[in-house]
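Structure, as structure tokens:
The values are calculated or read from the model by the stated rules, or taken from the named source; none is laboratory data. Source: prediction; values computed, not measured. As a convention, Cβ positions derive from the backbone with ideal geometry for all residues, glycine included, and neighbour counts pool all protein chains shown.
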Amino acid sequence: MSETSTPLKLSVIGCGYLGAVHAASMAELGHEVVGIEVDVAKAESLAAGRVPFFEPGFEELLRRSLDSGRLSFSSDMAAARGAAVHFVCVGTPQRRGEYAADLTYVEAATASLLDVLGPGELVVGKSTVPVGTAARLAEQVAARVPEAALAWNPEFLREGFAVQDTLHPDRLVYGVADAADAPVDAEKVLDGVYARIVADGTPKVVTDYATAEMVKTAANSFLATKISFINAMAELCEATGADVKQLADAIGHDDRIGRKFLNAGLGFGGGCLPKDIRAFMARAGELGADQALTFLREVDNINMRRRIRMVELARQVCDDSLLGKRIAVLGAAFKPDSDDIRDSPALNVAAQLQLQGANVRVTDPAAVPNVRRHWAQLDCVDTPEEAAEGADAVLLLTEWRQYKELDPATFGKVVRTRRVLDGRNALDRESWEAAGWTYRALGRRNV
Ligand code: UGA
């Protein structure tokens, strides 16, 4: 275990996905960390070393950090008293019925933190917020505790790689107040927190609040745009008989373009990309700069069209009618190595198929308990074989390794008709066709 030269006392407010991983990772770096979580059951579960979500490698990290005695959890904000740095890691979901972000949790966490904040301490926002939020919160901090300060330090972790991304990020971004007016040297404090990461030579950008806030939303908007770009190409490939996978490979060889995030298919979902591009558009509108982001509306439209197209494709292969057809859906999480079903394209398609009269069975290696809890109307089973029993078509909607490794010959024995729709362009088409399956995918030529 590597220790930092000067261990600090830290608090992490909000122990959802981001906060829980951040808290345990900071303890791994040698700091003494208290995670504050208002949901008592969640705080107790984390304190007992039980992870309330699926994230490869996280349980080991959590247990190690708890065993070291450096990590604890509490539901009482008073436990954050005396920490040198307070990380705000609460969620900023999409507001119901609107594009804008809901800042209720950020406001509530900050208000309650201000009751315990002491002079010389630093509040560090990590939540994804609309540009302008940090400046507003900094004023609240200054009004209550003039000798404390605020910095914005966005987080870029991906679900499924959260531990790796937190301990070995590809960049650090610090949004800080003007050094001249600041009562705390935020850059120096954050360098102390991330000493090991800084020593690894991780690139660091020190900037103002607005830029730091925008780095996060700009990055997610770029990723969403890249995915929708290749999905728009998939639409054209379908119209022309071209092949989007080969197209992506070919343009991806140009390192100015790059092959990553050019996987065409069902498109993006999850708790970040969809809501972040919408909140970004909403904020641009408030700032009178909506024209700058109108292209993101098209990015969103292209993305949502993929789901409809997948349903159409399923209808087509099922002899133009979904009524009473048995459909196996492999994958429910918004992406592999996650049990997160927020805005999951796979579940969206499964629900549409069911509403249109198909008899749908969904399976997923990790997300089944979440589907059962939140989508009780969907029939959920534990294995792909159960899902595919007597199926008229099998849809691969989340590209878990387990599904990519299915043996098409053996798997073919359980279905009624060997039809597979590859919603993620992830299967080895040739081996499925060789085993007698009719293979269809978005943006791919039919054979
Ligand atoms: C995303 C960003 O990648 C992180 O950098 C960021 O920190 C995070 O949001 C966040 O804001 O917290 P995440 O939501 O975990 O991370 O998922 P991604 O790996 O970005 O995938 C998003 C969606 O895009 C998934 O549904 C995935 O299936 C889809 N996708 C991804 C594609 O359809 N094609 C691709 O080529 C890549």
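Here's a check for you: in the range 146-175, which residue that is in contact (Cβ under 8 Å) with a residue 12 or more places away in the chain and acidic (Asp, Glu) is nearest to residue 59 (Cα to Cα)? The selected residue is 159.
Just to be sure before I move on: is residue 314 aliphatic (A, V, I, L, M), without any contact (Cβ under 8 Å) to a residue 24 or more places away in the chain, more than 15 Å from the ligand (Cβ to nearest atom) and in the same structural domain as residue 365 (by TED's automatic domain parsing) in the structure I sent? Explain how you work it out, then say what you get.
Numbers: aliphatic (A, V, I, L, M): yes; without any contact (Cβ under 8 Å) to a residue 24 or more places away in the chain: no; more than 15 Å from the ligand (Cβ to nearest atom): yes; in the same structural domain as residue 365 (by TED's automatic domain parsing): yes.
Against the criterion (aliphatic (A, V, I, L, M), without any contact (Cβ under 8 Å) to a residue 24 or more places away in the chain, more than 15 Å from the ligand (Cβ to nearest atom) and in the same structural domain as residue 365 (by TED's automatic domain parsing)), residue 314 does not qualify.
For the range 321-343: of the residues being outside any loop (DSSP other than H, G, I, E, B) and within 16 Å of the ligand (Cβ to nearest atom), which is surrounded by the most Cβ atoms within 10 Å (Cβ to Cβ)? So, considering only residues that are outside any loop (DSSP other than H, G, I, E, B) and within 16 Å of the ligand (Cβ to nearest atom), the one surrounded by the most Cβ atoms within 10 Å (Cβ to Cβ) is 329. Can we say residue 420 is at pLDDT below 95 and more than 16 Å from the ligand (Cβ to nearest atom)? Taking the combined requirement at face value, the residue does not satisfy it.
The lone criterion from (1) modelled with pLDDT under 95; (2) within 14 Å of the ligand (Cβ to nearest atom) left unmet by residue 179 is number (2).
Each row is one residue, and each column tells you yes or no for (1) away from the ligand (no atom under 12 Å from the Cβ); (2) in contact with an Asp or Glu (Cβ under 8 Å, 6 or more places away or on another chain); (3) more than 26 Å from residue 102 (Cα to Cα).
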| residue | (1), (2), (3) |
| --- | --- |
| 205 | yes, no, yes |
| 219 | no, no, no |
| 225 | no, no, no |
| 251 | yes, no, yes |
| 257 | yes, no, yes |
| 290 | yes, no, no |
| 298 | yes, no, no |
| 304 | yes, no, no |
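The residues in the range 365-378 that are surrounded by fewer than 17 Cβ atoms within 10 Å (Cβ to Cβ) and touching a residue at least 12 places away in the same chain (Cβ under 8 Å) can be counted, and the count is 3.
Scanning for something surrounded by 14 or more Cβ atoms within 10 Å (Cβ to Cβ), in a loop (DSSP other than H, G, I, E, B) and basic (Lys, Arg), does the range 238-255 turn up at least one residue? Outline the logic, then answer.
So the first thing to find is which residues in the range 238-255 are surrounded by 14 or more Cβ atoms within 10 Å (Cβ to Cβ), and the list is 238, 242-245, 247-248, 251-252.
Imposing the further condition that a residue be in a loop (DSSP other than H, G, I, E, B) reduces the set to 242-243.
Retained after the next criterion (residues that are basic (Lys, Arg)): none.
No, that holds for no residue.
Condition check: surrounded by fewer than 21 Cβ atoms within 10 Å (Cβ to Cβ) and over 20 Å from residue 87 (Cβ atoms). Does residue 188 satisfy that? When the stated conditions are applied, residue 188 does not pass them. Just one of the listed residues (159, 98) is modelled with pLDDT under 95, under 30 Å from residue 343 (Cα atoms) and surrounded by 20 or more Cβ atoms within 10 Å (Cβ to Cβ), namely 159. Residues of the range 358-374 include at least one that is over 28 Å from residue 55 (Cα atoms) and not aromatic (Phe, Trp, Tyr). The set of residues in the range 179-226 being closer than 30 Å to residue 295 by Cα, within 23 Å of the chain's Cα centre (by Cα) and among the polar types (S, T, N, Q) consists of 211, 217, 220, 221, 225.
Can you tell me how many residues within the range 264-275 are part of a helix (DSSP H, G or I) and either near the ligand (Cβ under 6 Å from one of its atoms) or free of Cβ contacts under 8 Å to residues at least 24 places away in the same chain (or both)? Steps first, please.
Our first condition is that a residue be part of a helix (DSSP H, G or I); within the range 264-275, this holds for 273-275.
Now drop any that are not either near the ligand (Cβ under 6 Å from one of its atoms) or free of Cβ contacts under 8 Å to residues at least 24 places away in the same chain (or both), which leaves 273.
Final tally of qualifying residues: 1.
Scanning the range 350-364 for residues that are buried (at least 24 other Cβ atoms within 10 Å of the Cβ), more than 12 Å from residue 393 (Cβ to Cβ) and among the aliphatic types (A, V, I, L, M) yields a total of 2.
Within the range 87-111, the set of residues being free of Cβ contacts under 8 Å to residues at least 40 places away in the same chain and either touching a helix residue (DSSP H, G or I) at 6+ places or on another chain (Cβ under 8 Å) or not β-branched (Val, Ile, Thr) (or both) comprises 95, 96, 97, 102, 103, 106, 107, 108, 110, 111.
Only one of these is in a helix (DSSP H, G or I) and closer than 22 Å to residue 321 by Cα: 446, 348, 370. Name it.
348
Checking each residue in the range 411-443 for being part of a strand (DSSP E or B) and without any contact (Cβ under 8 Å) to a residue 24 or more places away in the chain picks out only 439. Residues considered: 393, 358. Of these, the only one that is in contact (Cβ under 8 Å) with a residue 60 or more places away in the chain, among the small types (Gly, Ala, Ser) and under 21 Å from residue 266 (Cα atoms) is 393.
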